[in-house]
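Here's the structure, in structure tokens; my notes come after.
The values are calculated or read from the model by the stated rules, or taken from the named source; none is laboratory data. What you are looking at is a predicted structure, and each value in this text was computed from that prediction instead of being measured. Heads up, the Cβs are rebuilt from the backbone with ideal geometry, glycines too, and the neighbour counts pull from every protein chain shown.
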Amino acid sequence: MKVAIVHDWLVTAGSAERVLQSMLECFPQADIFTIVDFLEDRSFLDNRQVTTSFIQKLPFARARYKDYLALMPLAIEQFDLLAYDLVLSSSHAVAKGVLVGPDQLHVSYVHSSLRHARDLQHQNLKKSAFSSSAKSIYARMLLHYIRAWDARSANGVDHLIVNSRSSSRRIHQAYQRESTVIYPPVDVRGLSVGIHKQDFYVTTSSMVPHKHVDLIVEAFSQMPERRLVVIGDGPDMARIKAVAGPNVEILGYQPLDVLHDHVQHARAFVFAAEEDFDTSLVEAQACGTPVIALGKGGALEAVIGLPDERPSGVFFREQTIESLISAVDTFERHSDRFHSIFCRENAERFSAANFKAALSTFVEVRLASFRSEAALSNVQPLSVCQVPQRRPSAGATARLNERGSAAVEDTRLKTRSSRRR
């Protein structure tokens with residue numbers, strides 16, 4: 001069986017790339033296709049050759065590949081995958097839009113339903129340079145085109161897998177399709193529990209509008225008795241530094257060992273975004289650190305909140321400073337109820353081993369069903385002209401003639417009788 005795995009782009013090693021790595025471990029013979037490949041740490045690819053699109057060779061593609069978003073639908077459709085029996089796509093943008101034939105099974109793991117072009121469109125435009133300029137018209141037209149293409153491309157997928165129940169609801173709203181939830185793989189085994197907690201909170205995130213790092217920073221700036229450490233970088237860095245109080249330490253980008261060390265020793269991990277699923281929530285719990293998170297989206301599936309007997313975190317209901325401050329106060333009041341072992345046990349549910357077992361079983365069952373249906377479709381039904389007609393015998397023909405003559409004669413007698421009346 002020939003297998004193709006299609007990934008959006010290979011630039012950094014993040015949670016989507018961990019899904020790709022697990023797919024390759026399930027299907028080690030697979031070939032890889034992606035829009036662009038500028039990945040530096042290629043260890044998990046095991047020296048595999050990667051097929052890229054024409055965008056790979058366009059000017060400034062390494063640094064500004066996302067600027068070619070308008071070309072990505074065209075680029076992904078240029079991959080010739082007709083020689084493959086099974087196509088797996090790992091898609092948070094365009095990968096699921098590859099073209100396949102009726103004799104191929106296409107299973108897509110959808111990380112997101114292109115939220116930046118849907119429910120996050122207005123929020124992102126308001127906080128960007130496109131909000132009140134001539135570029136706004138172009139941006140809105142581009143997002144409209146991407147939404148329409150994205151919805152059409154979902155029709156070419158046989159089976160959709162999503163990373164949470166929250167994502168499943170978004171997928172149904174966007175594509176009117178049912179999906180199966182398989183939680184993404186988290187490197188739980190690679191993380192150890194921090195035993196000695198210190199007196200600070202931590203948040204790690206890319207500094208972009210929908211992550212709401214500014215909300216976390218402003219909330220803690222109003223709690224001067226509590227220290228916050230912020231790890232991450234991005235376009236909102238300057239604005240976030242401007243609202244940070246003296247009790248907020250912004251470290252910017254840090255290597256993974258530094259990041260994990262802070263998460264392991266923090267009192268709690270703080271998260272204010274509404275995401276379908278964010279692996280940082282699970283990674284924090286794997287380090288034995290409880291989570292204070294917005295109680296929406298995938299966080300409700302990744303974190304066990306109060307009043308559970310074995311809680312791993314606290315939820316706040318609104319993306320406001322007041323709601324987050326209240327949640328921190330709740331956490332402090334019930335701090336004796338949160339134990340590292342509870343957090344770690346909950347994180348184990350999202351291990352890479354569980355993901356690979358679920359994915360392999362899912363594909364195996366669907367592939368067997370697909371092959372059975374294909375085998376049945378190869379059986380040609382008899383047409384009407386091919387159905388053998390049974391000719392009546394001479395005796396049967398004579399009896400039919402006698403019955404017909406009798407019926408005619410009976411009709412004649414009834415007609416004469418009515419006329420006499």
Under the condition of being surrounded by fewer than 19 Cβ atoms within 10 Å (Cβ to Cβ) and closer than 19 Å to Arg226 by Cβ, which residue from region 245-265 is farthest from the chain's Cα centre (by Cα)? Pro246
Report those strands (runs of 3 or more DSSP E) wholly inside region 1-72 carrying at least 3 residues which are among the hydrophobic types (A, V, I, L, M, F, W, C), in contact with a strand residue (DSSP E or B) (Cβ under 9 Å, 6 or more places away or on another chain) and on the phi > 0 side of the Ramachandran plot. none
Does at least one position in region 76-83 carry a residue that is within 29 Å of Ala273 (Cα to Cα), in contact with a Phe, Trp or Tyr (Cβ under 9 Å, 6 or more places away or on another chain) and in a helix (DSSP H, G or I)? no
Would you mind stating whether Ile231 is of a type in the set (Val, Ile, Thr) and not assigned by TED's automatic domain parsing to the domain that holds Ala93? yes
Between residues in region 313-330 that are among the basic types (Lys, Arg) and residues that are assigned to a helix (DSSP H, G or I), which pairs lie under 8 Å by C-beta distance while being six or more apart or on different chains? Arg317/Ser323
Considering only region 316-359, state which residues are over 18 Å from Gly194 (Cβ atoms) and either at pLDDT below 95 or of a type in the set (Val, Ile, Thr) (or both). Thr320, Ile321, Ile325, Val328, Thr330
I'd like the full set of residues that are surrounded by 14 or more Cβ atoms within 10 Å (Cβ to Cβ), within 23 Å of Ser205 (Cβ to Cβ) and not aromatic (Phe, Trp, Tyr), limited to region 11-50. Val11, Ala13, Ser15, Ala16, Glu17, Arg18, Val19, Leu20, Gln21, Leu39
Quick check: is even one residue across region 145-157 at pLDDT 95 or above and either farther than 27 Å from Ala286 by Cβ or not in a loop (DSSP other than H, G, I, E, B) (or both)? yes
Can you spot a residue in region 284-291 that is closer than 20 Å to Ala16 by Cβ and either aromatic (Phe, Trp, Tyr) or crowded, with 24+ Cβ neighbours inside 10 Å (or both)? yes
Out of everything in region 316-352 that is charged (D, E, K, R) and not in a helix (DSSP H, G or I), what residue ends up being surrounded by the most Cβ atoms within 10 Å (Cβ to Cβ)? Glu318
Output the number of the condition that Ser206 fails; it satisfies all remaining conditions of (1) at pLDDT 95 or above; (2) over 23 Å from Ser326 (Cα atoms). (1)
Which of the numbered conditions does Ile231 fail, given that it passes all the others? Conditions: (1) crowded, with 23+ Cβ neighbours inside 10 Å; (2) under 27 Å from Val19 (Cα atoms); (3) hydrophobic (A, V, I, L, M, F, W, C). (1)
Residue hits (region 229-257; more than 13 Å from Val213 (Cβ to Cβ) and in contact with a Leu (Cβ under 8 Å, 6 or more places away or on another chain)) are Asn247, Glu249
Qualifying helices (runs of 4 or more DSSP H) (wholly inside region 174-287; at least 1 residues being under 30 Å from Asp158 (Cα atoms)): 279-286
How many residues are under 15 Å from the mean Cα position of the chain (by Cα) and at pLDDT 60 or above when one looks only at region 107-140? 8
